[in-house]
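The values are calculated or read from the model by the stated rules, or taken from the named source; none is laboratory data. Remember, predicted model here, so these are calculated numbers, not experimental data. As a convention, Cβ positions derive from the backbone with ideal geometry for all residues, glycine included, and neighbour counts pool all protein chains shown. The area values use the complete protein model at the heavy-atom level, side chains included, leaving out ligands, DNA and RNA. Shrake-Rupley method; radii C 1.70, N 1.55, O 1.52, S 1.80 Å.
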Amino acid sequence: AHQMETTFMDTYGWTDYRIYQKGTCIDNSVFTPDEELLPGVMANAWRADNYGLVPWSAHGHPRGLGIGYDDDVPGHHCGTMFNTNDIWSFDNSNPSLVFQFSCSTAKPEIFENTANLLLERGGIGVIGATRNSRYIEGWTSPVGKWHGGDMSYWTNRALVVRNFEYCKAMSVARSEHTLHNINFMVHNYFGDPQIHHLQHGNTSTYYVDGTN
């Protein structure tokens, strides 16, 4: 998120709201967030405002995300970051493009998975993993790496900088950058493939087939 903000989003006039861990429970981000990541914070922030793009990175499962990484080690799991029950309270009049860098949030065997439900409420185009994805702990740069953070960075850069449809942006990230084979295969786009995002001044508009 920090790399996206500083290397292209600021340049193209996007505003942002960053939510990171800050040490209340386990990890402490080296970057300064607008709000600390604690249970309920992400869903509340999403309800409180309209976001054109929501990229996240967290450990996941088909019905939600956790804060931390190990349920079996005391102090290493800090509760729920987000789950499918939160989705029904979102404002669907201004849905977001969403990149879910999390394991199995789009697992097709479970129909009511996070990706599917976001298309019903809160999301207009969603990228999610159908199986486990791969990451590097301590990742800070998208250059020359291969994990899911790279895919999120390069996909969202193609959306913002090159004005590609979100589905095409993901395809471009796959074709132009070296990605782990598993991340290449398990991340899929859900939604209308012609949706992209244009920003005009302080307002953002979605276009589908050239129609507002």
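Below are the figures for this structure:
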read-out: So Gly79, is it surrounded by fewer than 13 Cβ atoms within 10 Å (Cβ to Cβ), assigned to a strand (DSSP E or B), in contact (Cβ under 8 Å) with a residue 40 or more places away in the chain and not aromatic (Phe, Trp, Tyr); value: yes
read-out: Residue that is surrounded by the most Cβ atoms within 10 Å (Cβ to Cβ), among those in segment 3-15 that are free of Cβ contacts under 8 Å to residues at least 60 places away in the same chain and closer than 28 Å to Ser89 by Cα; value: Glu5
read-out: Test: residue in segment 85-100 that is closer than 28 Å to Val172 by Cβ, hydrophobic (A, V, I, L, M, F, W, C), part of a loop (DSSP other than H, G, I, E, B) and open to solvent by less than 20 Å² (accessible area, probe 1.4 Å); value: no
read-out: Enumeration of residues in segment 101-114 that are more than 20 Å from Thr155 (Cα to Cα) and either of a type in the set (Phe, Trp, Tyr) or open to solvent by 10 Å² or more (accessible area, probe 1.4 Å) (or both); value: Lys107, Pro108, Glu109, Ile110, Phe111, Glu112
read-out: Tally of residues being small (Gly, Ala, Ser) and under 20 Å from Gly52 (Cβ atoms) across segment 10-35; value: 1
read-out: Residue under evaluation Ile67, criteria (1) modelled with pLDDT under 90; (2) open to solvent by 30 Å² or more (accessible area, probe 1.4 Å); (3) touching a strand residue (DSSP E or B) at 6+ places or on another chain (Cβ under 6 Å), criterion not met; value: (2)
read-out: Filter pass, Arg131 being of a type in the set (Lys, Arg) and in a loop (DSSP other than H, G, I, E, B); value: yes
read-out: Residue match in segment 40-48 (condition: outside any helix (DSSP H, G or I), out of contact with any Lys or Arg (no Cβ under 7 Å at 6 or more places or on another chain) and closer than 19 Å to Thr84 by Cβ); value: yes
read-out: Condition check for Arg18: surrounded by 15 or more Cβ atoms within 10 Å (Cβ to Cβ), under 23 Å from Leu119 (Cβ atoms) and of a type in the set (Lys, Arg); value: no
